[in-house]
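Here the structure is laid out as structure tokens; the discussion comes afterwards.
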Amino acid sequence: MMPKDKIQLVNTIWDNYIKTNRIVLDAKGKELVNIDDARRFAIIELKKIIDEFQKGNSNISEFKTSIDSYNKRNNL
């Protein structure tokens, strides 16, 4: 379990980040709307790739290619 002071620090950092209201841009300079939603979806999809690798359904080269391809397609 994380100590309460560390949890508070993380919350403070997060709150300060949210207050900045920064615009997130992709590699081409285009604004990424709803970046957090896209990242949540990416986590689900990337876990599938990781699971397939851990089950032995892909080798390390295929795993790396799959991760790289996903990241390039989604600019995350």
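The table that follows gives values for the structure above.
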item: Principal-axis tilt of helix 60-74 within the chain, Cα atoms, nearest 10 degrees; result: 50 degrees
item: Cα convex hull of the chain - mean projected area over all directions, nm²; result: 7.2 nm²
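Bear in mind these aren't lab numbers, they're just calculated from the coordinates by the rules spelled out. Just so it is clear, the structure is predicted and the values come from calculations on it, not from any experiment.
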